[in-house]
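Trainee: First the structure, then my questions, so here it is.
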Protein chains: 2
Amino acid sequence: MSDSSSERKTVTACVLVIGNEILSGRTRDENLAFLAEHLNQAGVRLMEARVIPDIQETIVATVNEVRAKFDYVFTTGGIGPTHDDITSECVAAAFGLPLVRNPEAVRRLQQHYPPGGLNEARLRMANTPEGATLIDNPISIAPGFQIGNVFVLAGVPAIMRAMFEGVKHRLSGGLPVLSRTVTSGLAEGAMAAELGAVQDRFADIDIGSYPFFRMGRPGTAIVLRGTDPVRLAHATAEVFQMMVALGDQPVEAEG
Amino acid sequence: MSDSSSERKTVTACVLVIGNEILSGRTRDENLAFLAEHLNQAGVRLMEARVIPDIQETIVATVNEVRAKFDYVFTTGGIGPTHDDITSECVAAAFGLPLVRNPEAVRRLQQHYPPGGLNEARLRMANTPEGATLIDNPISIAPGFQIGNVFVLAGVPAIMRAMFEGVKHRLSGGLPVLSRTVTSGLAEGAMAAELGAVQDRFADIDIGSYPFFRMGRPGTAIVLRGTDPVRLAHATAEVFQMMVALGDQPVEAEG
């Protein structure tokens, strides 16, 4: 996580997955993995994620804590038409802003629903904090929104992904994080001391060790991440050589 | 989340997923879904989950925040032999306890590794906060541990699951949460007002609305959760009747 060799600042983000269904085990979250991958590609480092229930006080307090702590916050879930969809009003409360009916959002919903279909519950989906910027929803129309550094996205994965694609140009990323992986047939405990020594020499490279079992045999994937391609190449070469010296035939790849 | 009808207290938990690899998008977390489901089955309500990086200050501060806030805390990840495995020392620091080499854990590792295999890096896996109770690892031997209300589990899913199975008898759950699902061919926006009225009459039942699309057609799963089987049955019947009154043919099922 050190960033000493980069000249641009590290840009950070937090994801808030909002919804009882994830915490009850009924629904498996798919949004965090997508956002983790795509934020990092955009040069934004995902530093934390939280899954929180549909409870007003929890959502308001959490939004206020993390929007102060990180450069960007992305919420997923809770912007539909039913009583358990309370994200928009909670984000408005967190910012101390009135919740207003956004005229452009109303216009989009009016165009989308057949006559008589746009009932009061669906009109709630046009509510945003005052001054919010809409986030397009090309799938089911009801938009998300951005207010300050908080991006409010849908919970349905296909809609969330489409919304994110529409806003990623608004993000000012830092240096993109580059990544190399060295895969070894050694158990991680067999090279832990040597690997720690490489990490000590490369404080600006984040070196992770991930053990696995394949066909009953242990192995380890070493992932090196950093913003400086030359330093990353040097650290990767040291890890590779260290494994060779321990009698292994490692495999190295990008990503 | 209301619990007014139960006489036993609600028992709560928080899960901390520790590891840069989840936040970078390299690895998709599988542990949260398992723990969510199995904690709820044990009568423990998972109220929050956080994914945090391998950064000492973050882990220590988060452990201290959530162990004060929830009845149980479960951590996954960061207890292996490499330099990026820092969960044990962070949990010790959070409790203000010395990190000691647990003799029973050393004994298990000595039995497991061939002569010469138990190097200093692997011996680190026998470190626990002073006074911790070990958690068995039937797969790769290196144990987890419990200290106070914090359970420290492995990150590798198969090992984490085996560890959890070994400790779930230690948990004092509240009333188990019962669940019913009513599936409708109606879009959620078409019944949102009526559903909200049912929720208003059943403050002790948590009613969630989850839209889906199947073969291009919208539908909604309404999930009702509560500890009182009679109240749950009444609320479920009202949701079912409400859908029938709107011209739908809903399907009801346990879970």
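Nothing in this text is a laboratory measurement; each read-out follows from the coordinates by a stated rule. Keep in mind that this is a model prediction, so the values were computed, not measured. Heads up, the Cβs are rebuilt from the backbone with ideal geometry, glycines too, and the neighbour counts pull from every protein chain shown.
Trainee: Quickly estimate the mean residue ellipticity at 222 nm for the protein assembly as shown, helices only: each DSSP H run with n ≥ 4 gives -39500 (n - 2.57), and the total goes over all residues, rounded to 500. Show your work: numbers first, answer last.
Mentor: Details: 18 runs with 180 residues, N = 510.
The per-residue figure over the protein assembly as shown is -10500 deg cm²/dmol.
Trainee: Using θ = phi - 60° and the Karplus relation 6.51 cos²θ - 1.76 cosθ + 1.60, list the HN-Hα couplings for region B:22-36 in order, rounded to whole Hz, with x at every Gly or Pro.
Mentor: 6, 6, 7, x, 5, 10, 8, 5, 10, 7, 4, 4, 4, 5, 4
Trainee: Quick check for me: using +1 on Lys/Arg Cβ and -1 on Asp/Glu Cβ, what's the dipole size of region A:178-254 about its Cα centre, in debye to the nearest 20? It would help to have the intermediate numbers written out before the result.
Mentor: Values: 6 positive and 10 negative charges, 44 e Å.
I would put it at about 220 debye.
Trainee: Please compute the contact order of region B:178-254 in relative form: average sequence separation of alpha-carbon pairs under 8 Å and at least six residues apart, divided by the residue count, as a percent.
Mentor: Details: 132 pairs, mean separation 35.6, N = 77.
In percent, rounded to a whole number, it is 46.
Trainee: Average partner chain C-beta neighbours within 10 Å, per residue of A:13-26?
Mentor: Working: counts 1, 3, 2, 0, 3, 0, 2, 10, 7, 5, 14, 12, 12, 12.
So the per-residue partner count for this stretch is 6.
Trainee: Can you compute the FRET efficiency between residue B:41 and residue B:120 using 1/(1 + (r/R0)^6), with r the Cβ-Cβ distance and R0 = 45 Å? Round to the nearest 0.05. Before the final figure, lay out each step's value.
Mentor: Working: r = 40 Å, r/R0 = 0.89.
The calculated FRET efficiency here is 0.65.
Trainee: Within region A:59-149, list the GluC sites (Glu not before Pro) lying in a DSSP loop whose Cβ has at most 13 other Cβ atoms in a 10 Å radius. Spell out each step's value before the answer.
Mentor: Working: sites: A:65, A:89, A:104, A:120, A:130; in loops: A:130.
Passing both the DSSP loop test and the Cβ count: A:130.
Trainee: Evaluate peptide B:78-87: per residue, the Cβ atoms of other protein chains within 10 Å of its Cβ; return the mean as an integer. Numbers along the way, then the final one.
Mentor: Working: counts 0, 0, 8, 11, 15, 11, 11, 3, 0, 0.
Averaged over the peptide's residues, the number is 6.
Trainee: Moving to a separate point now. Can you figure out the FRET efficiency of residue B:217 with residue A:68, using R₀ = 45 Å and their beta-carbon distance, to the nearest 0.05?
Mentor: Values: r = 43 Å, r/R0 = 0.96.
Calculated transfer efficiency: 0.55.
Trainee: 7 Å from Cα along Cα→Cβ at both residue A:9 and residue B:106: what's the point-to-point distance in nm?
Mentor: The modelled label-to-label distance comes out at 4.9 nm.
Trainee: On the first, second and third principal axes, largest extent first, how far apart are the outermost C-alpha atoms of region B:11-170 in Å?
Mentor: Computed over region B:11-170, the largest-to-smallest principal extents equal 45, 34, 31 Å.
Trainee: Mind listing the label-point distances from residue B:244 to the same position on all other copies, shortest first, one decimal in nm, points 7 Å along Cα→Cβ?
Mentor: 7.5
Trainee: Could you work out, residue by residue across B:192-200, how many beta carbons of other chains sit within 10 Å of that residue's beta carbon, and then give the average as an integer?
Mentor: Numbers: counts 12, 7, 1, 5, 5, 1, 1, 3, 1.
The per-residue average across the peptide is 4.
Trainee: In nm, give the distance between the simple-model label positions of residue B:113 and residue A:133, each being 7 Å from the Cα along the Cα-to-Cβ direction.
Mentor: 5.4 nm
Trainee: Distance from a point 7 Å along Cα→Cβ of residue B:61 to each backbone N in region A:59-88: keep the residues under 16 Å and list them by number.
Mentor: Residues A:62-72 qualify, since their backbone N sits under 16 Å from the label point.
Trainee: If you take every DSSP beta bridge fully contained in chain A, what fraction is antiparallel? Give it as a percent rounded to 5.
Mentor: On the way: 29 of 46 bridges.
Around 65 percent of the beta bridges assigned by DSSP in chain A are antiparallel ones.
Trainee: Skipping prolines and chain starts, which residues have an amide H placed within reach, meaning under 5 Å, of the one on residue B:12, given they are 5 or more residues away or on another chain?
Mentor: Placed amide hydrogens put B:45, B:71, B:72 under 5 Å from residue B:12.
Trainee: Separate question: Assume the label is 7 Å from Cα along Cα to beta carbon: what separations in nm does residue B:111 have to the matching positions in the other copies?
Mentor: Ordered by increasing distance: 7.0 nm.
Trainee: Just report the Cα centroid separation between region B:77-92 and region A:106-139, whole Å.
Mentor: Each part reduced to its Cα centre gives a spacing of 48 Å.
Trainee: Here is a follow-up. Quick one: check the C-alpha center-to-center distance for region A:141-168 versus region A:27-74, whole angstrom.
Mentor: Result: 12 Å between the Cα centres.
Trainee: Spelling out what I want: for every residue of region B:241-248, take phi, set θ = phi - 60°, compute 6.51 cos²θ - 1.76 cosθ + 1.60 (Karplus), and round to whole Hz; glycine and proline get x.
Mentor: Couplings: 4, 4, 5, 4, 4, 8, x, 9 Hz.
Trainee: In region A:94-192, if the dipole is taken from +1 on Lys/Arg beta carbons and -1 on Asp/Glu beta carbons about the Cα centre, which of A:160, A:139, A:95 is farthest to the positive end?
Mentor: A:139
Trainee: With respect to the symmetry axis carrying chain B onto chain A, which residue of chain B exhibits the smallest Cβ distance to that axis, and what is the value in whole Å?
Mentor: B:50, 2
Trainee: Can you list the residues, at least 5 places off or on another chain, whose amide H is less than 5 Å from the amide H of residue B:127, using H built in the peptide plane?
Mentor: Sorted by chain and number, the residues that satisfy this are B:102.
Trainee: For the protein assembly as shown, report the translational diffusion coefficient in µm²/s to the nearest whole number, using Stokes-Einstein at 10 °C, 1.306 mPa s, and a Kirkwood Rh over Cα pairs. The partial results should precede the final answer.
Mentor: Working: Rh = 24.4 Å.
In µm²/s, the coefficient is 65.
Trainee: Now, a different point. Quote the charge dipole size of chain A about the Cα centre in Debye, to the nearest 20; the model charges only the Cβ of Lys and Arg (+1) and of Asp and Glu (-1).
Mentor: Details: 22 positive and 29 negative charges, 102 e Å.
So the magnitude is around 500 debye.
Trainee: Explain nothing, just compute: Karplus ³J(HN,Hα) = 6.51 cos²θ - 1.76 cosθ + 1.60, θ = phi - 60°, for every residue of region A:162-169 in order, whole Hz, x for Gly and Pro.
Mentor: Values, residue by residue: 5, 5, 5, 4, x, 10, 5, 5 Hz.
Trainee: So, one more: Based on DSSP, what percent of beta bridges with both residues in the protein assembly as shown are antiparallel, to the nearest 5? Walk me through the intermediate numbers first.
Mentor: On the way: 61 of 95 bridges.
Bridges in the protein assembly as shown that DSSP calls antiparallel: roughly 65 percent.
Trainee: Moving on to the next point. Treating the point 7 Å from Cα along Cα-beta-carbon as the label, what are the nm separations from residue B:233 to the other copies, to one decimal?
Mentor: 7.2
Trainee: Where in chain B is the longest stretch that carries no trypsin sites (Lys or Arg not before Pro) classed as loop by DSSP and with at most 15 other Cβ atoms within 10 Å?
Mentor: On the way: sites that count: B:8, B:9, B:28.
With trypsin sites (Lys or Arg not before Pro) excluded where exposed in loops, chain B gives B:29-255 as its longest stretch.
Trainee: Once every Cα of region B:85-208 carries one equal point scatterer and solvent is ignored, give the base-10 log of I(q)/I(0) from the Debye formula at q = 0.09, 0.15, 0.19 Å⁻¹, two decimals.
Mentor: Taking Cα atoms of region B:85-208 as identical point scatterers yields -0.45, -0.74, -1.02.
Trainee: Just need the relative contact order of chain A here, percent rounded to a whole number, with Cα pairs under 8 Å and 6+ apart.
Mentor: Details: 468 pairs, mean separation 49.2, N = 255.
Across chain A, relative contact order equals 19 percent.
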